[in-house]
Amino acid sequence: MKDEYQFILHPSSFILICFGGRGMHKVGILTGGGDCPGLNAVIRAVVRKIDNAGGTCLGLLEGWRGLLEEKTTALNVLETDDIIARGGTILGSSRTNPFKQAANVSCAVENFRRLGLTALVAIGGDDTLGVASRLYTEHQLPMVGVPKTIDNDLSATDFTFGFDTAINIVMEAVDRLRTTAESHRRIMVIETMGRKAGWIACLSGIAVAADYILVPEVPVDLDHMCGVLQRRRAEGKLYGLVVVSEGAQLSAGSVVTADASIDEFGHEKLGGIGQNVAELIDKRLQIETRHVTLGHLHRGGPPRAYDRVLATRFGIKAGELVVEGKFGQMAALKGNDIHAVPLSDAVAQNRRLDMRYYEEAREFFP
Ligand code: F6P
C-alpha cells in the first residue's frame, strides 16, 4: 500500500492526475485534558500505522487549541520512534473546549478543512472525546478517539491507559510513607486523584494494604473508619494508612475544594479532603495523624510497560479505523481484545468504580 499510487485520466483536459500513496491520508492527532503517561506511545503507534498505509500525520498542539489556532507540527516515524518512554505529551495539552463559543466550532470545522486533514485522532478523556463526538455527529468531521485518563472513568472500555502507571506511582509513594508512619506510630492519610470515580483510591489502596479506603461512590462513615483504626492499633498494628479519593464526600459542606474556579468543561478543582480527614482522625482518636496529597505526581514520569503496550494497541487500532474509514469510533479494551466502540457510548456517562473491587477491599476493614 505504501508506495501505491492511483492514476486518473481527467476527462476534460486529458491530464494525468496522480494521487494516493502518501497523499491519501493526512491525519491530525491531538492530546487534550490532563496529560498522562502513555500519550506519546499512542502518538507513535498512530504515526506508524498511518505511515504503513502510505499517509502522513500532523500534530495539533495543545489539544483543541491547536485546531482553533492552527498550531501544528509535522509528525514522522523517525522523530516519534523513541518517544514511547517519555511521560507527558510531545504535543502539549489543554482543557480548551471549542463548544464554549459557537464561533469556535465553525473555526474548528473550517481549520480542519484548511489544514487538508482527512481524519483526526483525538486522544483524551470524556471532555476531549465529548468534543470529538459532537464534531462527528453535528458537523460530520471524521473523528476517531483513544481513551486516556489516569482516572479510568471512561465508559465503553475496561481500562484507560495511564491508570496503571498512576496506581503504581501511588503504591510506590505509600510504600515509602509506610516506613515513616511506622517509625513514628502515626496514621498517614494519602489523598489520591480520580475526580468523581474511586478507581485510583480503591485499587491503589488494595495494593498497599490500606487500613481504610474512602471513595466517592460510598458515603464516608467516620465512626466506622475511626473504629477500624482504633481496633487495628489495639490489635498491635501501631501505625495506620488511609487512602482517600479527592472526590470522596464528607458530610455536607465539609469538603475543602482547593480552588473554587471551574475549567472550560465545568469541572471544579478538587483537593483538600485528605487534610480534613487527617484532622478529624487526629482529633477523635488522639493519634498523631499526617496527610499527603499526591496530586500531579500521579501523572508524571514515564509510563509503565502495561500502559506502553495498551497505549500502543489503542494507537494501532485508531490508525486502523482511520484507514478503514470507520469514524465516530473509539478504540476500547474489552477483556484482552481491542475493539471499536461508538464515541458517543464512551462519553455518555462517567464510569464510577466497579463496586466489586470495593467489596473485596472491605474484607480488610470490616
Ligand atoms: O482527570 C485527571 C485529573 O488528574 C484528575 O484526577 C484531577 O482532578 C484533575 O485531572 C487535575 O487537573 P489539573 O491538571 O487541571 O489540575
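The values are calculated or read from the model by the stated rules, or taken from the named source; none is laboratory data. Only a predicted model underlies this, so the values are computations on that prediction, with no experimental measurement involved. Positions of Cβ are generated from backbone atoms using ideal geometry, with glycine treated the same way; all protein chains shown enter the neighbour counts.
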Could you tell me which of the residues LEU30, LEU39, LEU61 is within 16 Å of the ligand (Cβ to nearest atom), crowded, with 20+ Cβ neighbours inside 10 Å and at pLDDT 95 or above? LEU39
Given (1) under 20 Å from TYR358 (Cβ atoms); (2) at pLDDT 95 or above; (3) surrounded by fewer than 23 Cβ atoms within 10 Å (Cβ to Cβ), index of the condition GLY301 fails: (1)
Can you tell me which residue within segment 227-277, out of those that are modelled with pLDDT of 95 or more and of a type in the set (S, T, N, Q), is farthest from the ligand (Cβ to nearest atom)? GLN230
Scan GLY266, GLY300 and give me the residue that is under 19 Å from GLY34 (Cβ atoms) and either acidic (Asp, Glu) or free of Cβ contacts under 8 Å to residues at least 40 places away in the same chain (or both). GLY266
Is one or more of the residues making up segment 42-57 surrounded by 20 or more Cβ atoms within 10 Å (Cβ to Cβ) and of a type in the set (S, T, N, Q)? no
Being over 26 Å from THR312 (Cβ atoms) and β-branched (Val, Ile, Thr) is the filter; apply it to segment 73-118 and report the residue that is nearest to the chain's Cα centre (by Cα). THR96
Can you pull out the residues in segment 78-115 that are assigned to a helix (DSSP H, G or I) and of a type in the set (D, E, K, R)? GLU79, LYS100, GLU110, ARG113, ARG114
Considering every residue within segment 306-315, establish whether at least one is over 30 Å from ARG232 (Cβ atoms) and acidic (Asp, Glu). yes
How about segment 159-215: which of its residues are more than 16 Å from the ligand (Cβ to nearest atom), of a type in the set (Gly, Ala, Ser) and surrounded by fewer than 20 Cβ atoms within 10 Å (Cβ to Cβ)? SER183, ALA207, ALA209
Just need a number here: residues in segment 328-353 that are farther than 21 Å from ASP151 by Cβ and surrounded by 18 or more Cβ atoms within 10 Å (Cβ to Cβ). 3
